[in-house]
Amino acid sequence: MGNMNDFFDTSRKTLQDVEQRLEMPRREFLQFCATLAATMGLPAGAEAAVAKAIEAAKRPSVIWLHFQECTGCSESLLRAEHPTLEKLILDVISLDYHETLMAAAGHQAEAARKSAMKANKGKYVLVVEGAIPVKDNGIYCKIGGQKATDLLKECAADAAAVIAIGSCASWGGMPSTGPNPTGASSVSEILGKVVPTIPGCPPNPYNFLATVVHFLTFGKLPEVDKLGRPKFAYGRLIHENCERRAHFDAGRFAMEFGDVGHRQGYCLYKLGCKGPETYANCSTLGFGDAGENNWPVGCGHPCIGCTEKGVGFEKPIHQVAKMLNVTPPLQYPRIVEEQGKAASFASAAAVAAVAGAAAGAAIMLTRNLGLSHAAEEAERAKDTGAGDSDKRAAVDKAQV
Amino acid sequence: MANNQHAAPAPVGGSLVSALTLTCGVLIALMVAILAVRFLFGLGAVTALNDGYPWGIWIVVDVVIGSAFACGGFSVAMLVYIFNKGEYHPLVRPALLASLFGYTLAGAGVIFDLGRWWNVWNMYWPTSINPNSVMFEVAVCISLYVVVMWIEFSPVVFEQLGKREAKKKVGKAMFFIIALGTVLPMMHQSSLGTMLVVMGAQIHPLWQTPLQPLLYLLTAIAMGYAVVLFESCLTSSAYRRKLETHMLTPLAKVMLGFLAVYLVVRIGDVVVRGALPKAFVPSVEALMFWLEMASFIAPLILIGAESNRRNPAKLFLAGILLMLGGALLRLNGFLIGYETNVGDAGGFTYFPTLAEVLVTAGMFAIEVLGYIIITRRFPVLPREDVQAAH
């Protein structure tokens with residue numbers, strides 16, 4: 001990264017404030033900023049902007065709604081170490097409403113939400129976790145007596161940005177698995193527009209943090225694909241950067257759990273890994289701050305495609321994935337190539353027989369041709385001696 | 001036309017069923033059975049081919065040697081039509097017939113050897129061709145020549161079927177077809193030698209020379225005449241016809257001319273490149289080299305004298321020896337003198353399987369059977385009664 005001082009004025013007051021507020025060393029804080037900037041694929045030097053934005057502590061108001069979900073997304077965020085969500089909540093954002101984290105309960109909680117929405121009208125960030133049921137007029141999920149659909153529409157109306165976190169909010173996720181009894185729908189479907197989504201079950205917390213910090217730094221959300229997923233995180237197939245990709249290319253597959261190939265870390269494609277049809281950065285961004293192997297494929301389980309609509313929770317886990325780019329060949333070259341065998345008895349005998357037959361026939365024919373030639377020569381010699389008249393007589397005689 | 005002074009060709013007639021034709025039939029049936037296995041289960045199921053020896057006898061014998069044996073039509077046509085030696089005209093049709101089968105089967109033999117033969121159309125498809133490849137030149141040239149030869153031979157079929165109009169039409173374009181039929185073999189017979197050149201150091205120094213295309217072309221022409229000697233003597237014996245010694249004697253002289261030029265180039269090349277000492281190292285390659293050279297030199301000794309060239313037995317033997325020499329030149333270059341991946345792995349080995357030998361035998365059986373059927377039923381050989389009175 002070069003010399004930190006080139007990028008930052010490490011003695012500046014705000015940075016020292018951050019150090020105190022977050023109770024983390026400056027170096028660690030700057031590394032965190034750099035990690036986020038790198039996750040977003042921002043150019044070198046952008047970490048400075050990121051750091052400044054976090055230092056500034058504008059504390060935008062965030063309203064976090066929970067619908068049909070397991071709170072796994074929040075759980076995974078709580079496990080993020082640099083900094084902990086606790087610090088992020090307290091310092092970077094003003095989390096005014098989060099059902100599982102806030103101390104308030106009942107009417108007090110709803111009142112906090114309403115007052116935050118009123119005070120930060122048009123400026124707060126709305127984060128939605130969980131799918132929204134629409135079947136039977138949306139009666140299957142209510143909070144404070146209010147239906148999920150109504151609550152979402154009400155909160156989204158005045159939000160500066162809406163972010164759908166997790167697969168449930170992104171495209172229905174697990175609750176929408178067939179036959180989808182509650183009509184679980186995504187945030188986009190309810191709001192009737194594409195909203196930025198961070199799918200995953202749960203998503204990597206850094207993808208969410210990076211999206212929020214991008215908003216803080218640049219005042220807008222990062223570039224997204226047509227499904228609303230930030231391109232920095234969901235622009236490539238898991239398969240493209242998978243640590244086991246070399247095994248795929250070489251045709252080394254685990255055929256069942258615990259077999260020799262599986263124990264040696266071979267490709268999990270034939271166990272149903274959905275990496276080849278799932279867009280996410282799982283293979284490049286460590287999960288849960290526990291090391292780079294800490295993701296499903298790294299642990300030896302095939303990817304289930306949780307970030308991809310139509311794959312995760314829809315295709316059977318061990319169904320072989322549809323290849324979106326490279327299809328593996330049916331056959332691979334052998335590692336040790338056969339070098340050929342010496343002549344077998346049958347083939348040597350056959351070659352000898354063919355050669356012998358040809359030679360024998362040639363000799364016989366040559367002999368016959370020689371005999372006929374000798375006879376002809378002898379006759380000619382006789383004819384020359386006997387004269388022309390005799391020759392004619394001899395021919396006549398022969399014809400008779 | 002040159003052929004006016006000769007007896008017109010006529011079908012030989014007679015029964016098609018004999019011990020020979022039945023044997024051919026059995027060999028062909030065996031070949032078809034083996035090829036069925038080959039096309040269903042792949043090359044590995046029937047051949048001894050491996051990564052070190054991707055070409056076995058199907059390519060070397062059926063295609064490279066087979067097409068050289070099939071140069072009779074080209075050599076005689078060149079003599080008759082280009083050098084205007086009309087006296088050899090009766091030899092054209094039988095020689096052309098043998099070439100026709102030789103080349104058509106060589107083309108088919110390539111398909112047998114292609115691992116993914118269903119992709120073969122790419123070789124001709126304008127967007128996928130590779131004009132810089134020697135293989136492309138050989139493939140296109142041989143394919144074209146097969147078509148050209150069928151057109152060259154078509155008057156025989158038209159004659160027999162009584163289609164005079166068709167024969168007349170083809171006759172008008174024949175000068176062009178014949179010219180093409182002379183140029184094309186020169187191109188691909190030399191390119192077959194180029195294939196050895198591009199194989200570089202994998203070929204033993206006795207056969208690795210930039211002159212290989214010229215050597216292949218010279219031997220192909222000489223072998224063409226040798227095949228005519230062989231085929232004419234064989235046909236006369238088998239059908240109990242009068243020997244065509246009066247044509248074969250001067251033809252043998254032409255053959256010896258090409259052979260002498262070849263030997264000068266060949267020996268000169270080996271000496272100039274400094275490869276000659278390799279011929280005295282005790283090895284299989286050296287032994288095969290001397291066998292090859294002996295086969296080429298023997299005809300010169302055997303029929304070098306004019307009196308010996310009148311003896312059909314010696315003509316026949318000389319023809320066979322020259323064919324053997326040409327075959328050995330090709331076999332030595334492509335298989336005996338070919339070595340790849342010498343080193344830790346111990347090198348590759350190849351010896352044809354019984355199945356491969358039987359397929360090659362079946363290919364030759366098709367040629368023999370086809371020759372018998374067509375000469376007995378179509379006007380290829382000169383009419384015998386006129387010939388006898390000649």
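The values are calculated or read from the model by the stated rules, or taken from the named source; none is laboratory data. Keep in mind the model is a prediction, meaning the values are calculated, not measured. Here Cβ is always computed from backbone atoms with ideal geometry, including for glycine, and neighbour counts include all displayed protein chains.
Here are a few things to note about the model shown:
- If you filter region A:321-370 down to residues that are of a type in the set (Ser, Thr, Tyr) and within 12 Å of chain B (Cβ to nearest Cβ), you find that the one that is nearest to the chain's Cα centre (by Cα) is A:Ser344.
- Count of region A:324-348 residues which are of a type in the set (A, V, I, L, M, F, W, C) and surrounded by 14 or more Cβ atoms within 10 Å (Cβ to Cβ): 2
- Residue in region B:70-86 that is out of contact with any His (no Cβ under 9 Å at 6 or more places or on another chain), farther than 27 Å from B:Pro213 by Cα and at pLDDT 90 or above present: no
- None of A:Ile132, A:Ile139 is surrounded by fewer than 21 Cβ atoms within 10 Å (Cβ to Cβ) and either of a type outside the set (Asp, Glu) or in contact (Cβ under 8 Å) with a residue 40 or more places away in the chain (or both) except A:Ile139.
- Subset of region A:270-287 [in contact with a helix residue (DSSP H, G or I) (Cβ under 7 Å, 6 or more places away or on another chain) and over 15 Å from A:Lys322 (Cβ atoms)]: A:Ala280, A:Asn281, A:Cys282, A:Ser283, A:Thr284, A:Leu285
This table checks each residue for (1) acidic (Asp, Glu); (2) in a loop (DSSP other than H, G, I, E, B).
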residue	(1), (2)
B:Leu16	no, yes
B:Ala33	no, no
B:Asp51	yes, yes
B:Ile59	no, no
B:Ser67	no, no
B:Gly73	no, no
B:Met78	no, no
B:Glu87	yes, no
B:Leu91	no, no
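- Which listed residue, of B:Leu329, B:Leu358, B:Leu322, is touching a Leu at 6+ places or on another chain (Cβ under 8 Å), within 11 Å of chain A (Cβ to nearest Cβ) and crowded, with 21+ Cβ neighbours inside 10 Å: B:Leu358
- Checking each residue in region A:56-76 for being buried (at least 21 other Cβ atoms within 10 Å of the Cβ) and modelled with pLDDT under 80 picks out no residue at all.
- Inter-residue pairs, beta-carbon under 6 Å, first in contact (Cβ under 8 Å) with a residue 60 or more places away in the chain and in region A:245-272, second crowded, with 18+ Cβ neighbours inside 10 Å, 6+ apart: A:Phe248/A:Cys267; A:Phe248/A:Tyr269
- Yes/no for B:Val37 being under 19 Å from B:Thr353 (Cβ atoms) and away from chain A (no Cβ under 14 Å): yes
- Residue identified as of a type outside the set (Lys, Arg), without any contact (Cβ under 8 Å) to a residue 60 or more places away in the chain and surrounded by 14 or more Cβ atoms within 10 Å (Cβ to Cβ) among B:Val76, B:Val12, B:Val63: B:Val63
- Single residue of B:Ala201, B:Ala238, B:Ala260 found to be under 30 Å from B:Phe348 (Cβ atoms) and surrounded by fewer than 24 Cβ atoms within 10 Å (Cβ to Cβ): B:Ala201
- Being of a type outside the set (Asp, Glu), under 22 Å from A:Ala346 (Cβ atoms), surrounded by fewer than 20 Cβ atoms within 10 Å (Cβ to Cβ) and over 20 Å from the mean Cα position of the chain (by Cα) is a property that holds for B:Val37.
- Put simply, of B:Phe176, B:Phe158, B:Phe136 the only residue that is assigned by TED's automatic domain parsing to the domain that holds B:Asn84, part of a helix (DSSP H, G or I), of a type outside the set (Ser, Thr, Tyr) and touching a Lys or Arg at 6+ places or on another chain (Cβ under 8 Å) is B:Phe158.
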